[in-house]
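Note sheet for the following structure.
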Amino acid sequence: MVLLYVLQRFKVEDWGRNKDFLPVQVGKKRRHKINIQDEELGEVELLHTNHDESVTHYGLQGRATNVVPVTSDALAKKCENILDGMVAKEFLGEANRTGEPDILKRVEIAEVRDTVKYYMPELLWHHRLMNPTSAIREALGVPELTTGSRVLYILVSPKFQPIAKLYNKELFDVWRQCILCHLTLWKEGVYHRNISPGNLMWYRKNGKLIGVLNDYDLSSLADDLGPLGEERTGTVPFMALDLLSAKAQRGEVKHLYRHDLESFICVFIWIC
């Protein structure tokens, strides 16, 4: 009973619910929007437009990536060449590690390479909401309250198509393009570490299919510490067997290039 009284003292935002997302009525459907003040663009309003096309993951931890179609007048003016619409990627990233926007900036260095230039997601806009999940631990006086603390990231990019929609030669070509992009990035010190069907995308450019190696929220750089949490890095069904061993769970197995390559093979087999 005492525990129940303690829990009732916290608001929903103390548990990670962000109150900046406001419900709005669009026709007969309920949507959500968020208004953020941007130093360069002024007020940026993001409106979730279609829940049917949203990619949402539910779980007890609530840390998985969610991707929703969005519209924004401010971003539409900035990015007039976006033909297939925009999506917002929302996820709780670790506060004390290199964020995905910073990793994508590092990737820009490698964009002079032909295997990377057109095969990376274009980051149209991003924002980091400064309300860490450690707030409730701070209120409770928990030691090491910032360890593993997470903050909400919003990343807006053009809309891509999943590789699972492709067949035959088109599937192989896009899959191969993603591997070549991944290899170049690895050599440049950008380690993706989360190869899965949802992270291999594509779009059309001048009638040609272009593969996109997407989703860098679990990636790391050669010169940083990488994820600081105690959880395995990757999508479990497609992870290399070495990374699922007991030694790996204790942090005794280094994530190598061949582990990601094994994940690429698992993805290809799963799609076929």
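Observations
- Model label points for ASP173 and GLU122, set 7 angstrom from Cα along the Cα-to-Cβ axis, are 2.1 nm apart.
- Stretch gain in nm, segment ASN81-ILE265, where the contour uses 0.36 nm per residue and the Cα spacing is subtracted: 62.8 nm
- One decimal place: the segment TYR5-ILE210 gains 68.3 nm when fully extended, by the rule 0.36 nm per residue minus the C-alpha distance.
- Residues listed by number, region 72-109, amide nitrogen under 11 Å from GLU40 label point at 7 Å toward C-beta: 78-79
- FRET efficiency for CYS272 and LEU183, using Cβ-Cβ distance with R0 set to 22 Å, rounded to 0.05: 0.55
- Multiplying the residue separation of VAL253 and GLN25 by 0.36 nm and subtracting their alpha-carbon distance yields 77.1 nm.
- Relative contact order of region 163-272, defined on C-alpha pairs under 8 angstrom at six or more residues apart (%): 27 percent
- Paramagnetic label zone (point 7 Å from Cα along Cα-to-C-beta, VAL142; backbone N under 17 Å) in region 83-100: 92-96
- Amide H contacts under 5 Å for ARG150, placed H, 5+ residues apart: ALA95, THR133, SER134
None of the figures in this text is laboratory data; all of them are computed from the coordinates on show. Quick caveat, the model's predicted, so the values are computed rather than measured. With ideal geometry, Cβ positions are generated from the backbone for all residues, glycine too; neighbour counts draw on all protein chains shown.
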